[in-house]
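The values are calculated or read from the model by the stated rules, or taken from the named source; none is laboratory data. This structure is a prediction, so every number in the text was calculated from the model and none was measured. With ideal geometry, Cβ positions are generated from the backbone for all residues, glycine too; neighbour counts draw on all protein chains shown. SASA here: full protein model, heavy atoms, side chains in, ligands and nucleic acids out. Shrake-Rupley method; radii C 1.70, N 1.55, O 1.52, S 1.80 Å.
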Amino acid sequence: MALYVRVVDCGSFSKAALREAVPVSTVSRKIADLEQHLGVRLLERSTRQLRTTEMGQLYFEHCRRGLAEFDAADAALTDRQARLSGRIRISVPPTMSDLVVLPLVSAFLTLHPDVSVQCLVTERFIDPIGDDIDLALRVGKLDDSSLIAAPVSRHRPRLLASPSYLAAAGEIGHPALLAAHVQVAFSRWERPIRWTLRSGTESCRLEPAPRLVINDYAGVLHGLLQGAGISELPTFIGAQPVRDGRLVEVLPEWQFEAQPVAMAYPSGKHLSSLVRAFKEHCQRYFDEHPLA
């Protein structure tokens, strides 16, 4: 049952065999024996893909719930007595890796000296199962229904520019006038740039077309400090340059919508005591160190 769940999760016999450290032939034979025992075909096989049959999908869902219940039963007996130890694997976006995640993780490691953390820094939306990630720090709305998103914080971008650029640009009284001033901006690689700002009941939607688009806010920050127009930055990145006077908030009465920040994990997965402890630590940490 556990091996079948692993095969479906991995999407291939070879990946499942690698995870279980057994030959591919062993995995294939055991799945065939399971199908013979049940008297149904669970998987449709081809040279290019592996997919579940209707009965195979039903069996998979029941098996995954059953395994989660077994894990939960074991954990209930041992969690209270166990000292946290082991390794946790997380993924985070590049924007948050140094300013946010390193202090967050360092605080957790100080509390639990027998724990280690591996951190995958990537802008892409990873697959927690396929990439063997325990928790993924996600910013924005979570569209994947197979994942649970545990809210830990919120952040709000702000429009910023250098004092020298604003002195040369003159007065900008409304967001509708911003487009010509956006020279560099953040965007995930596959998404167009769309901004919506609100002031009271009024809203303004923009689709700026900067000459430089980058999927790392550190690059946007550098551009703004060099006088490359006006752009949006998360508060946790722009706060220090604003305090230092190197950047100035533009049209502060116009605000972006706050974006949720969450820890995501597969919906059918039982969280170990270590992973649960880290998730709860994240919630406490961001309560004490809000992002917006």
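If the condition is being of a type outside the set (A, V, I, L, M, F, W, C), over 26 Å from Lys141 (Cα atoms) and either outside any helix (DSSP H, G or I) or open to solvent by less than 70 Å² (accessible area, probe 1.4 Å) (or both), then the range 154-202 contributes Ser162, Pro163, Tyr165, Gly170, Glu171, Gly173, His174, His181, Gln183. For the range 234-254, filtered to residues that are at pLDDT 95 or above and part of a strand (DSSP E or B), the residue that is farthest from the chain's Cα centre (by Cα) is Val248. For the range 55-78, the criterion of being assigned to a helix (DSSP H, G or I), among the charged types (D, E, K, R) and surrounded by 18 or more Cβ atoms within 10 Å (Cβ to Cβ) is met by at least one residue. Close contacts from the range 214-225, counting a first residue that is farther than 14 Å from Leu159 by Cα and a second that is open to solvent by 50 Å² or more (accessible area, probe 1.4 Å), with Cβ to Cβ under 7 Å and a gap of 6+ residues or different chains, come to Asn215/Trp189. Checked against (1) within 27 Å of the chain's Cα centre (by Cα); (2) in contact (Cβ under 8 Å) with a residue 24 or more places away in the chain, Leu166 passes all but a single condition, namely (1).
Residues that are open to solvent by 20 Å² or more (accessible area, probe 1.4 Å), among the hydroxyl-bearing types (Ser, Thr, Tyr), in contact with a Pro (Cβ under 8 Å, 6 or more places away or on another chain) and more than 30 Å from Arg205 (Cα to Cα) occur in the range 256-266; there is at least one.
Listed here are the residues, each with its yes/no results for (1) over 22 Å from Asp131 (Cα atoms); (2) of a type in the set (A, V, I, L, M); (3) open to solvent by less than 90 Å² (accessible area, probe 1.4 Å).
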{"position": "Leu3", "(1), (2), (3)": "no, yes, yes"}
{"position": "Arg6", "(1), (2), (3)": "no, no, yes"}
{"position": "Phe13", "(1), (2), (3)": "no, no, yes"}
{"position": "Leu18", "(1), (2), (3)": "no, yes, no"}
{"position": "Arg29", "(1), (2), (3)": "yes, no, no"}
{"position": "Asp33", "(1), (2), (3)": "yes, no, yes"}
{"position": "His37", "(1), (2), (3)": "yes, no, no"}
{"position": "Val40", "(1), (2), (3)": "yes, yes, yes"}
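Within the range 101-113, is even one residue touching a Leu at 6+ places or on another chain (Cβ under 9 Å), open to solvent by 30 Å² or more (accessible area, probe 1.4 Å), touching a residue at least 12 places away in the same chain (Cβ under 8 Å) and of a type in the set (Gly, Ala, Ser)? Among the residues of the range 101-113, not one is touching a Leu at 6+ places or on another chain (Cβ under 9 Å), open to solvent by 30 Å² or more (accessible area, probe 1.4 Å), touching a residue at least 12 places away in the same chain (Cβ under 8 Å) and of a type in the set (Gly, Ala, Ser), which makes the answer no. Just so you know, in the range 203-233 the residues that are among the acidic types (Asp, Glu) and modelled with pLDDT under 95 include one that is most open to solvent (accessible area, probe 1.4 Å), and it is Glu207. Close contacts from the range 37-50, counting a first residue that is touching a residue at least 12 places away in the same chain (Cβ under 8 Å) and a second that is among the aliphatic types (A, V, I, L, M) and open to solvent by 70 Å² or more (accessible area, probe 1.4 Å), with Cβ to Cβ under 9 Å and a gap of 6+ residues or different chains, come to Leu38/Met55; Val40/Met55; Arg41/Met55; Leu42/Met55.
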